[in-house]
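To start, the structure under review is shown below, and the notes come after it.
Rule-based calculations on the coordinates, nothing more; no lab input. The structure presented is a predicted model; accordingly, all values stated were derived computationally and were not measured. For neighbour counting, all protein chains shown are included, and Cβ atoms are generated from backbone atoms with ideal geometry for every residue, glycine included.
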Amino acid sequence: MKMKATHIAAVFCTLLVVLLAKSQVSMAVTCSPVQLSACVSAITTSSPPTQLCCTKIKEQKPCLCQYLKNPNLKKFVDSPNARRVANTCKTPFPKC
């Protein structure tokens with residue numbers, strides 16, 4: 001009986017870990033163009049993007065189409081340098 005209870009507890013713990021991991025992955029990204037401020041120098045000049053910039057671009061990737069629809073942001077997000085930065089960061093530019 002004790003072995004069966006241990007087995008059930010192990011299965012429950014495994015299920016709990018899987019559910020928690022999935023909830024972390026599916027958490028929504030908060031779209032905030034300010035998060036891309038680490039990329040300003042790389043986008044506005046020919047300097048390479050920093051690791052922080054690449055991290056932020058990857059985090060904000062689900063938001064890029066939304067930024068492209070904003071006339072105030074489009075000129076920065078849709079620039080050749082922004083595409084270069086995304087490519088350097090190995091983040092495919094979205095097709096919206």
Task: Dipole in debye (nearest 20) - the range 33-96, about Cα centre, beta carbon charges: Lys, Arg +1; Asp, Glu -1 - done: 160
Open item on the list: I'd like the Karplus ³J(HN,Hα) series for the range 81-96: coefficients 6.51, -1.76, 1.60, θ = phi - 60°, whole numbers in Hz, and an x wherever there's a Gly or Pro.
Closed with: 5, 5, 5, 4, 4, 4, 5, 4, 7, 6, 10, x, 6, x, 9, 9
Task: Separation in nanometres of the label points that stand 7 Å from Cα toward Cβ, at residue 69 and residue 90 - done: 3.1
